[in-house]
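Okay, structure first, notes after.
The values are calculated or read from the model by the stated rules, or taken from the named source; none is laboratory data. In this text the structure is predicted, and so the values were computed from the model without any measurement. Neighbour counts are summed over all protein chains in view; Cβ atoms, including those assigned to glycine, are modelled from backbone coordinates with ideal geometry.
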Amino acid sequence: MSAGCLATRPEVLLAIEAAVKIAVVVGVLMGMVAYTVLAERRMCALIQDRLGPNRVGPFGLFQPLADSFKLVIADLDVGMLWIFSVATLGVYGIVLAGWASNSKYPFLGGIRSAAQLISYEVPMGLSVVSVFLWVGSLRLTQIVEYQADRWLVFEQPLAFLIFLVSAFAETNRLPFDMPECEQELVGGYNTEYGQMKFALFFLAEYANMIVASALVVTLFFGGWQAPFLRVEGLAPLVAGWIGVAAFFIKLAAFLAFFIWVRWFLPRFRYDQVMRLGWRVLLPLALLNIVVYALILALKVRS
């Protein structure tokens, strides 16, 4: 065995050990959070003379597992609205990070982020209203099933364009990275943060990019529907794996598009960002809703 292999083996073992420690700590912490919530629910029920969660598992001990599955993969009647409501919470982290830094540049970055996210959440939410009207449902599964024969990007091109531009602004990616533009704010809201805190901001940005790409795929590009491929006669397991592969191929394509745009387009000025959101995207989103509502009304009358 070469000396190089012997030298790198301890480093690999140390990296594996560190990864295991991190996984154990995160797992234990998340487990404690889940069962602390269960304990509070049981104690609250006891104080109020109720039973509390006691059906899933012995004494309801599996209730946190059931709750976690419901909150991740549940097919909600208001699925898209739930996603939007959770996504809006992200602005608090950036604003509080800028304020807590006690420095002017991070604070300005946090204020910029609040203004930008609010400005683009409005047209983003309105852009999918026409999709809900057209499909007749808020369920993401039904929206995907509607696209079995034809993707909604061909029937709702303006809604797709508004949603895509707003998604770039919501993720603070170039050309919309105004909350952290280096030339003006020395890095913005995360200037005073380093090591793990900075890493969490960095990971959150890429997590937002993945979620935005997944929503674009689900709403406008058929989700797990594989184009030009019928899976009705296949075994359920095979059809399921084909759907998973189709979804992740589309997701990877949009992630590559996000990365490409970052290195292709220059950054906008802040006034241009605000003008685009309020004077261009918002009126277009409202006009799109009116047009498709009229189309549907004419269909019903005919």
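From the list PRO123, PRO175, the one residue that fits, being part of a loop (DSSP other than H, G, I, E, B) and on the phi < 0 side of the Ramachandran plot, is PRO175. Scanning the range 110-168 for residues that are farther than 25 Å from VAL91 by Cα, crowded, with 17+ Cβ neighbours inside 10 Å and β-branched (Val, Ile, Thr) turns up VAL131, VAL135, ILE143, VAL144, VAL153.
Residue-level analysis places VAL290 among those that are exposed (fewer than 12 other Cβ atoms within 10 Å of the Cβ), out of contact with any Phe, Trp or Tyr (no Cβ under 6 Å at 6 or more places or on another chain) and not polar (S, T, N, Q). Whether a residue is of a type in the set (A, V, I, L, M, F, W, C) and either more than 19 Å from the chain's Cα centre (by Cα) or not in a helix (DSSP H, G or I) (or both) was assessed, and PHE163 does not pass this test.
Of the helices (runs of 4 or more DSSP H) lying entirely inside the range 193-302, those containing at least 1 residues that are of a type in the set (Ser, Thr, Tyr), within 22 Å of PHE84 (Cβ to Cβ) and free of Cβ contacts under 8 Å to residues at least 24 places away in the same chain are 195-220. Do we find that GLY52 is surrounded by 14 or more Cβ atoms within 10 Å (Cβ to Cβ), at pLDDT 75 or above, in contact with a helix residue (DSSP H, G or I) (Cβ under 6 Å, 6 or more places away or on another chain) and closer than 29 Å to TYR189 by Cα in this structure? No.
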